[in-house]
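Worksheet: the structure to be examined is printed underneath.
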Amino acid sequence: MSKLTKNQKLVIAKYDADAQYKLSDACDLVKEITFTKFDASVELHINLGVDPRKANQMVRGVVTLPNGTGKQTRVLVLCTPDKENEAKEAGADYVGLDEYIEKIKGGWTDVDVIICTPSVMAKVGAIGRILGPRGLMPNPKTGTVTMEIGNAVKEVKAGKIDFKVDKTGIVHAAIGKVSFTGKQIFENASELINAILKLKPQTLKGTYMKAVSICSTMSPGISVDVKSIGSAE
């Protein structure tokens, strides 16, 4: 058995892998057991008792984190010339149409969010096979296909994220950075959890929110007591 490092010993001293913590305590603890030299991301993982293969049990939505994500979100706006100034003034990193579609066809996807107007969806659809697997395909349900380009860009820059249950029934989402205060992490986590609770499928029988854990980059997951964050039944 390899010898434990100093940081590993500190983690063991502060963290009980078999325990379940109140959400507020877990948000404080994740800061204490993170020893990366960079500002690590904090992630929330929520295991839902849904079957994503059934259309009426697909959980997907958007939420604006009150304290933002802590990361610089790169936004590409695909639109006609009449909307370009609105996008640029709102803070979009890249604005255009045909030239960016060609770049994407060539393999460029160095952005976090793509927003477009309904009028260009036909052109965007041609690169759907590239954008879809990367989670970049604009969608009206997430507010990324809209005529309100300026508002959409500002919301994304302010901390708006979209979430979706994966094929195993788990929602994974980055909710901040270790440099955030425990209170800020807690507020972001609570906002996401509340948004997911509101999306409970009416046809679902049994437990909806089965398990919740929080972790940072290169730190162990901290199990959260589901009963401490509201009704999950």
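Computed quantities for the displayed model
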quantity: Matching option when the condition is modelled with pLDDT under 90 and either part of a helix (DSSP H, G or I) or aromatic (Phe, Trp, Tyr) (or both), among 4, 10; calculated: 10
quantity: Scope segment 59-81; condition among the hydrophobic types (A, V, I, L, M, F, W, C) and closer than 15 Å to residue 197 by Cα; matching residues; calculated: 59, 62, 63
quantity: Helices (runs of 4 or more DSSP H) wholly inside segment 103-172 that include at least 2 residues being of a type in the set (Phe, Trp, Tyr) and more than 19 Å from the chain's Cα centre (by Cα); calculated: none
quantity: Enumeration of residues in segment 2-33 that are free of Cβ contacts under 8 Å to residues at least 60 places away in the same chain and under 26 Å from the mean Cα position of the chain (by Cα); calculated: 25, 32
quantity: Some residue of segment 77-95 being on the phi > 0 side of the Ramachandran plot and modelled with pLDDT of 95 or more; calculated: yes
quantity: Those residues of segment 65-91 which are in contact (Cβ under 8 Å) with a residue 60 or more places away in the chain and under 21 Å from residue 125 (Cβ atoms), in sequence order; calculated: 75, 77, 78, 79, 83, 87
quantity: Qualifying residues in segment 34-82 (those that are part of a loop (DSSP other than H, G, I, E, B) and aliphatic (A, V, I, L, M)) - the one farthest from the chain's Cα centre (by Cα); calculated: 50
quantity: Condition broken by residue 228, with the remaining ones in (1) at pLDDT below 95; (2) out of contact with any helix residue (DSSP H, G or I) (no Cβ under 6 Å at 6 or more places or on another chain); (3) surrounded by fewer than 17 Cβ atoms within 10 Å (Cβ to Cβ) satisfied; calculated: (2)
quantity: Residue within segment 186-193 that is surrounded by 14 or more Cβ atoms within 10 Å (Cβ to Cβ) and either in a strand (DSSP E or B) or free of Cβ contacts under 8 Å to residues at least 12 places away in the same chain (or both) present; calculated: no
quantity: Qualifying residue in segment 97-110 (condition: within 20 Å of residue 73 (Cβ to Cβ) and among the acidic types (Asp, Glu)); calculated: yes
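So that you can scan it fast, the table gives a plain yes or no per residue for (1) surrounded by 15 or more Cβ atoms within 10 Å (Cβ to Cβ); (2) over 17 Å from residue 161 (Cβ atoms):
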| position | (1), (2) |
| --- | --- |
| 29 | yes, yes |
| 33 | yes, yes |
| 43 | yes, no |
| 49 | yes, yes |
| 62 | yes, no |
| 72 | no, no |
| 76 | yes, no |
| 90 | yes, yes |
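The values are calculated or read from the model by the stated rules, or taken from the named source; none is laboratory data. Predicted model, so just to flag it, every value in this text is computed and none were measured. Using ideal geometry, Cβ is built from the backbone for each residue, glycine included, and neighbour counts are taken over all protein chains shown.
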